[in-house]
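> The structure that follows is given in the form of structure tokens.
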Amino acid sequence: MVTPVFPARELARTARRATDRAIYDRRIGDPEHRSIPRRASRAAPVAALRGAEVGADPGRVVRVLVAVTLTTLGVVSAILFVAGAHKNAQIDELRSHGIKVEVTVSSCLGLLGGSGSNAAGYACRGSYEVSGRQFVEAIPGRGQRTPGATVVGVVSPRDPRLLSTPAQIRADRSSWRVFITPAVLALALLGALAAVLTGWRARRRVGSYMGGV
């Protein structure tokens, strides 16, 4: 039997390969070595942004808008009702209990129209005396008056600051027409409330039916 003879270089290469293989096998079996990929894999995902997510409930938004609309209708309607009643009361007060006073024109300013190039009248103020007290108020009308001139005015003894003129009193009448706009708004409010109530009852019946199934 012939024994093969290996060169020295080939023997050294074979021994180095065996040593490297043993080192590699030992590292693979090491727990610390095996945990390295796990640690890396845990750190791989990007951290999610922290914070509460903002979500809008469409049903709640609609309810808020409906509530704001109904409240606005109610408030505007009430304000217009009060303003109309107050205006009629002032007209009736001046026509029934007004007293004449002498008003001295203190100032008069020109008013411009919408385009800014045409005169739209004049805004004048005058002073007068009632029961020993001096008052300075706006004179009704848009006519031009000379400062220092006197005009006849009519005031209410209960509210001397309420100044008018005989011509204005003859032209003014208390009217129900001032309540048209607030009445329309009140009807719209009642219709909207009826619609909301009907929808709420319908949803309640549907919920009761689904709960009983």
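> Return the distance in nm (one decimal) between the two label points of a simple spin-label model at A194 and V152, each offset 7 Å from Cα along Cα→Cβ.
Going by the 7 Å Cα→Cβ label model, 5.3 nm.
> Just want the answer: with Cβ charges of +1 for Lys and Arg and -1 for Asp and Glu, which residue in G84, V105, L162 is farthest toward the dipole's positive end in the stretch 71-181?
So the residue we want is G84.
> Classify the stretch 71-181 as rounded, prolate or oblate from the Cα gyration tensor: take a ≥ b ≥ c as the square roots of its eigenvalues, call it rounded if a/c is under 1.5, otherwise prolate when a/b beats b/c and oblate if not.
Judged from the Cα gyration tensor, the stretch 71-181 comes out oblate (a/c at least 1.5, b/c at or above a/b).
> Can you pull the one-decimal nm distance between simple spin-label points at W176 and V82, each 7 Å off the Cα toward Cβ?
Computed distance between label sites W176 and V82 equals 2.4 nm.
> Select from the stretch 85-136 those trypsin sites (Lys or Arg not before Pro) which occupy a DSSP coil region and have at most 15 other Cβ atoms within 10 Å, ordered by residue number.
In loop regions of the stretch 85-136 (DSSP not H, G, I, E or B), there are no sparsely surrounded trypsin sites (Lys or Arg not before Pro).
Bear in mind that the values in this text are calculations on the coordinates, not laboratory data. Note that the structure is a prediction, hence the values are computed from the model and not measured. Glycine gets a Cβ as well: all are built from the backbone with ideal geometry, and neighbour counts include every protein chain shown.
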